Structure formats: structure tokens, C-alpha cells
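The values are calculated or read from the model by the stated rules, or taken from the named source; none is laboratory data. Computed from a predicted model, the values in this text were never measured in an experiment. Here the Cβ positions follow ideal geometry from the backbone for every residue, glycine too, while neighbour counts run over all protein chains shown.
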């Protein structure tokens, strides 16, 4: 009589390893995430957590198309999350909802930066030769009729060259983490825009296979400004006073 061999016990099921990479990056802000995912054209949902507050951002086709928090929906929810002081974010498995956001992500980030600037007005220290702290003026208030404007004589170092602060209308230096190190005639909104411009140029360079962004000139109808990425990672922004000064800066930076 043939006997069947005893049935073998099956061990616990092997865990399924998800495909692709998962990463947690320190020092990346929610604004950085929005820029990267929109430029990459990602389709995903991101859970944003800040203390007891939780929200979700929906990305598709290079845009933020939906956002939700416990108290808001659509663009209001996205702006609410951008105003949170810190937290974490990670991919989330959520059902897709009807699109509730039509505003471009660039405009949302600029609005969020403007709101943050208004809340933090007075926290930025201007650069003065006498060492006295003063509240910064916005660029629109830089030339009020009848008001005297004090000019510093402190030398500044840019791309290995020494300049005088009085030779430029706007001088801004930011540390690699985006903190203002020195400021003359600028504002937090302008600083955020400059940091965004540098990041955008680096992302475009990565897409084109061109590395080593150093400097760029932004030309406008009335004036121009120069954005320089130092080897230390600091970002310097200069707005010359005259076209002749702009020509000198252009030659100095080899643009």
C-alpha cells in the first residue's frame, strides 16, 4: 500500500519588494518637492504631515491638480500646506478626485513666498557699515521721492572679485540652505524668486546633460540683475545701478 508523503509545511509568505526607489531627503522643502514633481511630470499623490496636521497633494501632467487638508480644499489647501513651518512628505495610495486646482504651480509658489515675506517682515537684517540693524525696504519702496538713501561702503566678494556695495542697487547673498546672509535693497520675496531661478536652471541643466551652473543675467526692460552661484553653494544676486555697471558685471562674470 502506497503512502503519500507527509505534506510539507509552508513557511510564512515572502514579503513583496516594491519596485523602484523610495527615499527620504533631509533639507528639501515642500516648495522644492512641488517644483521637482511638476518639472518631472509625475503622476502621484503625496501625503504631507506637519505635527498633527495632514494634507494631500495630487500631481499629474506637470501640475498640482488637487489638494486637500482637514480644513481646506483645492488651492486653499495647497497654500495652507505651503505655510506650514515644517514636517514630512511621502507617497500615498489614495483615490484620485476631481481636479480642484487650475492655478499654475509657479504662481502658487510665488504667492506662498509673498505671504511668508509679509509675515516675516522685520526679521531680515540689512547690511550696514555702521553695524546698526535696520528693517529692509521692499524693492518698490527703494526710491521714495524726497527720502535720502544711505549707501554702504562695505566691500563685497563675488566670484573671486571685490566690488563696492554702493556700485549696485540691490545686493543679496544667501547661504546654501536659503538663509539671507547679507541684504541691501532687497526683500524675502526677491530672495525666494532668485533661489527658485537657480534651482530651475540647475534642473534644466540636468535635463540637457549640462552641469556646472555658475551665473546668469536676467534682462528686463528697465534694468537687469545677475545671479551667481559661488563654489561654496552661496547664491549672490546683484542689480547694477546703470547700464555701464551692467556691462562691467557682464564682463567680470564672462557672460
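Sort out which residues of the stretch 231-253 are under 26 Å from residue 34 (Cβ atoms) and either touching a strand residue (DSSP E or B) at 6+ places or on another chain (Cβ under 9 Å) or at pLDDT 85 or above (or both), and write them in order of number. Working first, answer last.
Filtering the stretch 231-253 down to residues under 26 Å from residue 34 (Cβ atoms) leaves 233-237.
Once the filter is applied, which keeps residues that are under 26 Å from residue 34 (Cβ atoms) and either touching a strand residue (DSSP E or B) at 6+ places or on another chain (Cβ under 9 Å) or at pLDDT 85 or above (or both), the stretch 231-253 yields 234, 235, 236, 237.
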Task: Selection from the stretch 228-254 of residues that are assigned to a loop (DSSP other than H, G, I, E, B) and either on the phi > 0 side of the Ramachandran plot or surrounded by 13 or more Cβ atoms within 10 Å (Cβ to Cβ) (or both) - done: 230, 233, 234, 241, 253, 254
Open item on the list: Just the residues that are within 15 Å of residue 36 (Cβ to Cβ) and surrounded by fewer than 20 Cβ atoms within 10 Å (Cβ to Cβ), please, taken from the stretch 62-72.
Closed with: 62, 63
TODO: Can you work out which of the residues in the stretch 185-219 that are touching a helix residue (DSSP H, G or I) at 6+ places or on another chain (Cβ under 9 Å) and on the phi > 0 side of the Ramachandran plot is modelled with the highest pLDDT?
DONE: 185
Task: Residue list for the stretch 82-110, restricted to those being closer than 19 Å to residue 188 by Cα, free of Cβ contacts under 8 Å to residues at least 60 places away in the same chain and either in contact with a strand residue (DSSP E or B) (Cβ under 6 Å, 6 or more places away or on another chain) or surrounded by 16 or more Cβ atoms within 10 Å (Cβ to Cβ) (or both) - done: 82, 84
Task: Qualifying positions in the stretch 217-227 - surrounded by 13 or more Cβ atoms within 10 Å (Cβ to Cβ) and farther than 15 Å from residue 190 by Cβ - done: 217
